Amino acid sequence: MRRIPVRSSAALLLAALTLSACSAGSGGGQSSGQDGAGAQPDNAVVVALTGEPANLDFTTTAGAAIPQALMSNVYEGLVEIDQDGQIQPLLAKSWDISDDRTAYTFTLQPGVTFSNGEAFTAEDVKFSLERVKSDAWLSSLKTKMDVVDSVTVLSDTEVRIQLSRPSNAWLFDLGTPVGAMFDESGVAELASTAIGTGPFTVEAWNRGESIELAARSDYWGEAPKVETATLRYFADAVATTNALRSGDVDVVYNMQAPELLPTFTGDDSFQVLEGTSNGEVMLSMNNARPPFDDVRVRQAVLHAVDRQAVLDTAWSGYGTLIGAPVPPTDPYYEDLFGTYAYDPEKSRALLAEAGAENLNITFTVPTRPYATAVSEIVVSQLAEVGINATIESAEFPAVWLDKVFTRHDYDMSVVLAVESRDLLTMFNNPNYYLGYDNTKIKDEAAAADAADEAGYVSGMQKVVRTINDDAAADVLFLFPNIVVAKSGVTGLPANSVTEALDLGSVGWQ
């Protein structure tokens, strides 16, 4: 048996502000009550975002804005992922792993309660994980728990989870939204009411404007640094920076107007964090219908796009070119950027070979700042090789999620894929909106997941190369995590590795 050590209670909450660009919102909200930039509030912080949740239920609704607001703040899991991408204890203070790597016995933190006063016990672990595997969960992320065979309650503070096979990915996945712990009596109205074990409760949700979080006085772990935290939503990225300069907000998280960043870097009233994320700006092609059911057409698109020019023009050069849908923080990352060099002549030759010259396609673009900026230059580059793309704007989240993500009614799109280690979620399911035929990778992915650590890395690298050879999608660049805040705000890490915007460690000097 391998024993995982207990982590100190002082480290139980982690300041992990994470990227969410897979939803949209509209302006408004309440002032933080501060007199200009740099002024310190009375135990309050206001964060400006450009992506509002459609509702509060990430178990049935896609998009990263919901877990961004609620994970780590309202909901917690048995484990969490730290800023280095490592698994750390949270609601589970320790665990044992059987020699065959299929049985995990977790010892839970004592004295934990949900925000409705109910005690958190092993029964809640069983309920929460079994619910992921039930019809109650609709999110495509639920497949991450397919490997769970059974959950057995050993006592109020001990639970054993039996896997059907060894899995390298499963414990990490337990630190993502599919590992969130719920109270059975609190799931009836998840879309409007959030009940969790986290340090905050949802005090108010002003639709189209803000979500107000209040610190719990009975929180089991380290108390938040502020009494209230407000997430204010803006439809316009420039409006977030204006609100920061006027003192109406304290932080612009994941800045969506990078061209304005130089106006803050020389001002001592503000601090700028330029980090990275695990979010890929992905040019999506519908692999399941013409013309993109032909690999040659998809490869032609990848050769037609100058990613460096896209990055420089659309996002002022902020971001990273990686060449495949795997960020450098994943253990099986390798630099594949050179696979599809910018080569319009080769692109035209592939289109001619496929009998797909002078193509006319529809480019369905969500109403997000990065998507609008990216689509304009991509359309121009595609036109140079004979692909005529007509931009169709789709309001995000509602219209885009329905048309593209749910009904797969699109030719090409672009979206920021932010879920942690989501490669197999996207490409190992032919019913996912990308429509990629996973027959080449299904068995290889399963074998890699069950292998030892070295086999996992080499096996997943082979899977990634297969996906890349098939040109299943084009990763334009890895999204930066740019945070601009008043100089007195503390607890704002530069990088983001999960969906959660963890406000527990954010405070003031």
Segment 88-100, residues that are open to solvent by 60 Å² or more (accessible area, probe 1.4 Å) and farther than 14 Å from residue 159 by Cβ | 99, 100
Qualifying residues in segment 478-494 (those that are assigned to a loop (DSSP other than H, G, I, E, B) and out of contact with any Lys or Arg (no Cβ under 7 Å at 6 or more places or on another chain)) - the one least open to solvent (accessible area, probe 1.4 Å) | 488
What pairs can you find where one residue is in segment 102-117 and under 20 Å from residue 149 (Cβ atoms) and in contact (Cβ under 8 Å) with a residue 12 or more places away in the chain, the other is acidic (Asp, Glu) and open to solvent by 30 Å² or more (accessible area, probe 1.4 Å), and their Cβ atoms are less than 6 Å apart, with a gap of 6+ or different chains?
-> 105/96
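Quick grid of which residues meet (1) open to solvent by 30 Å² or more (accessible area, probe 1.4 Å); (2) assigned to a helix (DSSP H, G or I):
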| site | (1), (2) |
| --- | --- |
| 232 | no, no |
| 235 | yes, no |
| 241 | no, yes |
| 268 | yes, no |
| 272 | yes, no |
| 278 | no, no |
| 293 | yes, no |
| 325 | no, no |
| 328 | yes, no |
Note: among 83, 68, just one is in contact (Cβ under 8 Å) with a residue 40 or more places away in the chain, touching a Ser or Thr at 6+ places or on another chain (Cβ under 6 Å) and either in a helix (DSSP H, G or I) or of a type outside the set (Val, Ile, Thr) (or both), namely 68
So residue 468, is it modelled with pLDDT under 95 and within 19 Å of residue 320 (Cα to Cα) = no
Pair list, Cβ < 8 Å and 6+ apart or interchain, from segment 439-461 residues that are farther than 11 Å from residue 168 by Cα and open to solvent by less than 70 Å² (accessible area, probe 1.4 Å) to residues that are aliphatic (A, V, I, L, M) and not in a helix (DSSP H, G or I) | 459/451
Go through segment 67-87 residue by residue and tally those that are at pLDDT 95 or above, open to solvent by less than 20 Å² (accessible area, probe 1.4 Å) and among the β-branched types (Val, Ile, Thr).
-> 2
Could you say whether any residue in segment 428-438 is aliphatic (A, V, I, L, M), under 22 Å from residue 139 (Cα atoms), crowded, with 18+ Cβ neighbours inside 10 Å and in contact (Cβ under 8 Å) with a residue 40 or more places away in the chain?
-> yes
Which members of segment 243-252 meet the condition of being crowded, with 22+ Cβ neighbours inside 10 Å and farther than 13 Å from residue 489 by Cβ?
-> none
Of all residues in segment 307-323, how many are open to solvent by 10 Å² or more (accessible area, probe 1.4 Å), of a type outside the set (A, V, I, L, M) and in contact with a helix residue (DSSP H, G or I) (Cβ under 7 Å, 6 or more places away or on another chain)?
-> 6
Inside segment 78-96, the number of residues satisfying the requirement of being touching an Asp or Glu at 6+ places or on another chain (Cβ under 8 Å) and of a type in the set (Asp, Glu) is 0
Considering segment 180-220 alone, what residues qualify as being in a strand (DSSP E or B), under 15 Å from residue 52 (Cβ atoms) and either without any contact (Cβ under 8 Å) to a residue 60 or more places away in the chain or not aliphatic (A, V, I, L, M) (or both)?
-> 204, 205, 206, 210, 212
Name the residues in segment 168-195 that are open to solvent by less than 10 Å² (accessible area, probe 1.4 Å) and hydroxyl-bearing (Ser, Thr, Tyr), would you?
-> 176
Of the residues in segment 396-422, those that are outside any helix (DSSP H, G or I) and either surrounded by 15 or more Cβ atoms within 10 Å (Cβ to Cβ) or at pLDDT below 95 (or both) number 16
Out of segment 373-384, which residues are open to solvent by less than 10 Å² (accessible area, probe 1.4 Å) and either under 30 Å from residue 461 (Cβ atoms) or touching a helix residue (DSSP H, G or I) at 6+ places or on another chain (Cβ under 8 Å) (or both)?
-> 374, 378, 382
From the list 473, 485, 500, which residue is touching a residue at least 12 places away in the same chain (Cβ under 8 Å) and over 23 Å from residue 257 (Cα atoms)?
-> 473
Single condition residue 251 does not satisfy, out of (1) under 24 Å from the mean Cα position of the chain (by Cα); (2) over 30 Å from residue 310 (Cα atoms) = (2)
Regarding residue 462, is this residue among the charged types (D, E, K, R) and within 30 Å of residue 99 (Cβ to Cβ)?
-> yes
Reported set for segment 343-372 where residues are assigned to a strand (DSSP E or B), in contact with a helix residue (DSSP H, G or I) (Cβ under 8 Å, 6 or more places away or on another chain) and more than 29 Å from residue 482 (Cα to Cα) is 359
Residues of segment 351-372 that turn out to be open to solvent by 20 Å² or more (accessible area, probe 1.4 Å), of a type in the set (Gly, Ala, Ser) and touching a residue at least 60 places away in the same chain (Cβ under 8 Å), as a count | 1
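The values are calculated or read from the model by the stated rules, or taken from the named source; none is laboratory data. What you are looking at is a predicted structure, and each value in this text was computed from that prediction instead of being measured. We place every Cβ from the backbone using ideal geometry, glycine too, and count neighbours over all the protein chains shown. Please note that ligands, DNA and RNA were not included when accessible areas were found on the heavy atoms of the full protein model with its side chains. Shrake-Rupley method; radii C 1.70, N 1.55, O 1.52, S 1.80 Å.
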